[in-house]
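Read through the structure below, which is laid out as structure tokens, and then see the notes.
The values are calculated or read from the model by the stated rules, or taken from the named source; none is laboratory data. Keep in mind that what you see is a predicted model, and the values were worked out from it rather than measured. When we count neighbours, we look across all protein chains shown, and the Cβ atoms used for this are built from the backbone with ideal geometry, even at glycine.
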Amino acid sequence: MRSSTPKLLYPIMGKPFLKYISEACHKAGIADITLVVSADSKAIKNTMGEGLKYTTQAQPLGTGHAVLAAAEHIKPDDDILILAGDMPLITQKFICSLIEFYKQKSCAAVVASVYMHNIGDFGRVYVKPDGQIESIVEAKDMRPDSPQTQWGNTSIYIFKGEALLHGLKYMKNDNNQGEYYLTDVPKILHDAGKSVYVFQTMEDETTFIGINTQAQLAQAALYMRNRINARHMENGVQMLDPATTYIDDTVQIEKDVVLYPGCVLEGETYIGSGSLVGPYTHMQNTVIDTQTTVQQSVLKDTKIGSNTTIGPFAYLRPGAVVGNNCRVGNFVEIKNANLGDGVKAAHLAYIGDADVGCNVNYSCGAITANYDGKNKYRTTIADGAFIGCNANLVAPVSVGAGAFVAAGSTITDDIPEYSMGIARQKQVTKDGWVKDKLS
């Protein structure tokens, strides 16, 4: 990957791709999961949490050696599913199908293979007429005279615990890489007279894509994005251009939502039914109620009510809460502020560290001056207040219910309810000044 980030923690559509694998296992009913990690795995453990078991492979000596590192967690009567940690597109459906096949065969092991039009670097799986394994050959160990096959090794297996422990015991590393291959274990078991079947699937081969490069990461992200978008469209979300719509796997969207091209929806975002998200809008950890429109804006860690209009070109920063039936227009920035129902901030305004009541009109160019260079303070604006154009509200300050702030004022003292605050120098007009000056 040519990166300091551990490969398994690279995000795909909002989650480290290792989490997709563990979630697929949990959904398939597998609760006891052991993750084989390297010695410098602190970041992986911190990310994946306490719900898994961990075992360390001190030296990377191959896939078989990795499984051998987890031998202490294997009991003879266990049924052991083995998955590669870099295959995030694996699905609950496939895992369940594989387990069902294993149960039907009542065998020592099952090797999962997939039919591939372009087998590339996948290992080759050779199958006997009775469906049992003949051999598995790694791509790097293929010879010019090796038989051709389109059945690729998915690196996914199920073993009876006793059989797996036996196979691991007799592994050898007499190959070009000097590694212990897990692919040798099925052959060892078969030669020992145990039944090892091949589960042959025609599932989309992209399900089994492994990630070793940045290019493969981008490819996997594309497949995952298509899968996520399809799920939302099946649930009644309208996407005008799915190819340019980016939705994290953690996002929730109700039916009858319309998404325009270029939307990026990330994190724990929720969009209520009937809402519209306009082109090139970026949302992160944002909750939007029903029938709300967001046009070409950026929203992060915010909450928006119903029947509200945001944008175009608004910026709602963390802690912004906007009520119902509000209008937040172009080039309005809101940060750590609560806006009640019916607030109108149509354009070119800043509301930061403020509590704004209902039905407030917040005019063009008005700002809350919330920072004195050392500390931040809050501004309070009560219900029904009117904030005129180009007003500066120097916090801490409050504007009472129904009060007016005259345009161009710099307010430093509280304004009582139903009063007007004016803080500007009286205008002086000098008649003929221009002609006298230029004459």
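Name every residue in the range 71-97 that is assigned to a helix (DSSP H, G or I) and either closer than 21 Å to V137 by Cα or of a type in the set (V, I, T) (or both), in order of residue number.
Hit for the range 71-97 is I95, nothing else.
Give all pairs with beta carbons closer than 6 Å in which a residue from the range 242-262 that is in contact (Cβ under 8 Å) with a residue 24 or more places away in the chain meets a residue that is in a loop (DSSP other than H, G, I, E, B) and charged (D, E, K, R); count only pairs at least 6 apart in sequence or on separate chains.
That search, which allows pairs on different chains as well, returns T250/E268.
Could you list all residues from the range 382-417 that are under 13 Å from N359 (Cα atoms) and of a type in the set (V, I, T)?
Correct list: I387 only.
Show me the strands (runs of 3 or more DSSP E) entirely contained within the range 310-377 in which 1 or more residues are free of Cβ contacts under 8 Å to residues at least 24 places away in the same chain, at positive phi and under 28 Å from the mean Cα position of the chain (by Cα).
The qualifying strands (runs of 3 or more DSSP E) are 327-339.
Restricted to the range 222-241, and to residues that are among the hydrophobic types (A, V, I, L, M, F, W, C), more than 20 Å from G278 (Cβ to Cβ) and free of Cβ contacts under 8 Å to residues at least 60 places away in the same chain, which residue is surrounded by the fewest Cβ atoms within 10 Å (Cβ to Cβ)?
This residue is A230.
Would you please name the residue that is modelled with the lowest pLDDT, looking only at residues in the range 10-37 that are assigned to a loop (DSSP other than H, G, I, E, B) and out of contact with any Pro (no Cβ under 7 Å at 6 or more places or on another chain)?
Selected residue: A31.
Among the residues of the range 239-266, what is the count of those that are out of contact with any Asp or Glu (no Cβ under 6 Å at 6 or more places or on another chain), not hydroxyl-bearing (S, T, Y) and not in a strand (DSSP E or B)?
Residues that pass the stated criteria total 12.
Based on this model, can you work out whether D184 counts as surrounded by 22 or more Cβ atoms within 10 Å (Cβ to Cβ), in the same structural domain as K93 (by TED's automatic domain parsing), on the phi < 0 side of the Ramachandran plot and acidic (D, E)?
Considered against the rule, which asks whether it is surrounded by 22 or more Cβ atoms within 10 Å (Cβ to Cβ), in the same structural domain as K93 (by TED's automatic domain parsing), on the phi < 0 side of the Ramachandran plot and acidic (D, E), D184 comes out as yes.
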